[in-house]
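Shown next, in structure tokens, is the structure this report addresses.
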Amino acid sequence: MKYRKDKVEDINIAYIGGGSNGWGWTLIGDLALEEKLSGNIRLYDIDYDASCNNEIIGNNVTKKCNAKGKWAYKAVKTLKEALTGVDFVLISILPGTFDEMESDVHLPEQYGIYQSVGDTVGPGGINRALRTIPMFVEITEAIKKYSPNAWVINFTNPMSICVRTLYKVFPEIHAYGCCHEVFHTQQLLIDMLKDMKNITGIKREDIKVNILGINHFTWLDEATYQGIDLISLYEKFVDKYYKEGFTKGDLNFWINSSYWDSAEKVKFDLFKRYGLIAAAGDRHLAEFVPSSWYLKDPKTVEKWGFHLTPVSWRKEHKKELIEKAIKLVNGKEEFEIEPSGEEGVRQMKAILGLEDLITNVNLPNLGQLTDFPKNVIVETNALFRKNSVKPIAAGSFSKEIHNMEMTHVLNQETVVEAVLNEDIEKVFRAFLNDPLVIGASLDRNDVLRII
């Protein structure tokens, strides 16, 4: 790398999952908008042709006159080529296929188990972990061999299990997990300020929060905007919209909304129960609690104003993205350079010493959550500075929330240990301990069929 005043040049980044038509394009756009960084991106993917497409797309984008950051993209065929001597490693992979995910998510429905996402906890999350952990063992061993001093940023789910595997295999690794779910909750608080106080023009970074929990099951116990206590205001906001949900005036919200939208009713109900702001999307939050609350059946899901996301939609969307990739490669469609709202590039800037940053990430617990076991992966704020990512003390939970969180923490620990030690009995126990599974009548053969 070369430091030139307030710029850093010749940065080398390995992107594992470099054929992505989702986060891959997000990265290309965000890097093009950042004038203080430039360098080389090595794209590695088991689908080499897809990474070759992104090589062409990325290099075409960097030639655009409005591309401030200049990057050279190169598809490579091996982890060794991707990782040797790099400064950063970004991991964003789909563990397995959508056919496998379809089984993960929809086969359990035969036993009355419904999942709104199916990539973090529940049968879907556990099955995904069984495929993901061996892949991350291979990736981590390669990082240890070819780029042991690189900063590793994981975007892959199940987030906690992925980051835990990185540290289990290579304890000295510089790694963390990055997720945008809390950002959406900050946006909800911006919408609340507009609705309740008629305050507009707020940026997400203006909403100051204390974050604690595990990925996709995070909470805010402090939230402020210019001296306004947003927790107390949120209580009034919840009372106002608890029955109908916050739908911005759309009376047919559930019918008209996409699979990703929600009326925030799960968040509101969790606030009524526990007095803290649940800081993830309703689709994720619903999977961490007993299925009888929000995921008993499709009608219950509709009542709570969110959606079950069918894997068939993901399959069709993938086809659309592949078609778009071909058009981008052939010049039949223009790549629009737009900010994504993600923070990966800004985090790299901070690690390179260009700014300080406080944001939420997933790291081993070194005491930032005082009532959680050491080294399990937790999500809190962290301070980013040059060559440093330090977690910020977040405090502790009430016993009620702590017990719910610990169910998943211990289950995730069990799954990681089970796969690393090839112990199917531990997988079986973790599966039966999951809150979405507990209410179902499953025998051993049923579980083995699902996993």
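Scanning the range 109-125 for residues that are more than 21 Å from Thr218 (Cα to Cα) and touching a Leu at 6+ places or on another chain (Cβ under 8 Å) turns up Tyr111, Ile113, Tyr114.
Scanning the range 6-27 for residues that are in contact with a strand residue (DSSP E or B) (Cβ under 8 Å, 6 or more places away or on another chain) and either in the same structural domain as Ala350 (by TED's automatic domain parsing) or under 21 Å from Ile322 (Cα atoms) (or both) yields Tyr15, Ile16, Gly17, Gly18, Gly19, Gly24, Leu27. Tell me whether the range 75-82 contains one or more residues that are of a type outside the set (Phe, Trp, Tyr), in a loop (DSSP other than H, G, I, E, B), crowded, with 19+ Cβ neighbours inside 10 Å and in contact with a strand residue (DSSP E or B) (Cβ under 7 Å, 6 or more places away or on another chain). No, the range 75-82 contains no residue that is of a type outside the set (Phe, Trp, Tyr), in a loop (DSSP other than H, G, I, E, B), crowded, with 19+ Cβ neighbours inside 10 Å and in contact with a strand residue (DSSP E or B) (Cβ under 7 Å, 6 or more places away or on another chain).
When Val163 is tested against (1) in contact (Cβ under 8 Å) with a residue 12 or more places away in the chain; (2) of a type outside the set (Ser, Thr, Tyr); (3) outside any helix (DSSP H, G or I); (4) more than 30 Å from Gly245 (Cβ to Cβ), only condition (3) is not met.
Considering Lys272, Lys267, the condition of being among the basic types (Lys, Arg), touching a Ser or Thr at 6+ places or on another chain (Cβ under 9 Å) and not assigned by TED's automatic domain parsing to the domain that holds Val121 is satisfied by Lys267 alone.
Conditions (1) surrounded by fewer than 21 Cβ atoms within 10 Å (Cβ to Cβ); (2) part of a loop (DSSP other than H, G, I, E, B); (3) in contact (Cβ under 8 Å) with a residue 12 or more places away in the chain, marked per residue:
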{"residue": "Pro95", "(1), (2), (3)": "no, yes, yes"}
{"residue": "Ile133", "(1), (2), (3)": "no, no, yes"}
{"residue": "Ile139", "(1), (2), (3)": "no, no, yes"}
{"residue": "Lys144", "(1), (2), (3)": "yes, no, yes"}
{"residue": "Tyr167", "(1), (2), (3)": "yes, no, yes"}
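Just one of the listed residues (Glu355, Glu316, Glu320, Glu334) is more than 24 Å from the chain's Cα centre (by Cα) and free of Cβ contacts under 8 Å to residues at least 60 places away in the same chain, namely Glu334. Within the range 1-16, restricting attention to residues that are buried (at least 24 other Cβ atoms within 10 Å of the Cβ) and of a type outside the set (Ser, Thr, Tyr), the residue that is nearest to the chain's Cα centre (by Cα) is Ile16. Annotation note: of Asn40, Asn60, the sole residue that is over 17 Å from Lys349 (Cα atoms), in the same structural domain as Ala150 (by TED's automatic domain parsing) and of a type outside the set (Asp, Glu) is Asn60.
The values are calculated or read from the model by the stated rules, or taken from the named source; none is laboratory data. Predicted model, so just to flag it, every value in this text is computed and none were measured. Cβ sites come from the backbone with ideal geometry, for glycine too, and all protein chains shown count toward neighbours.
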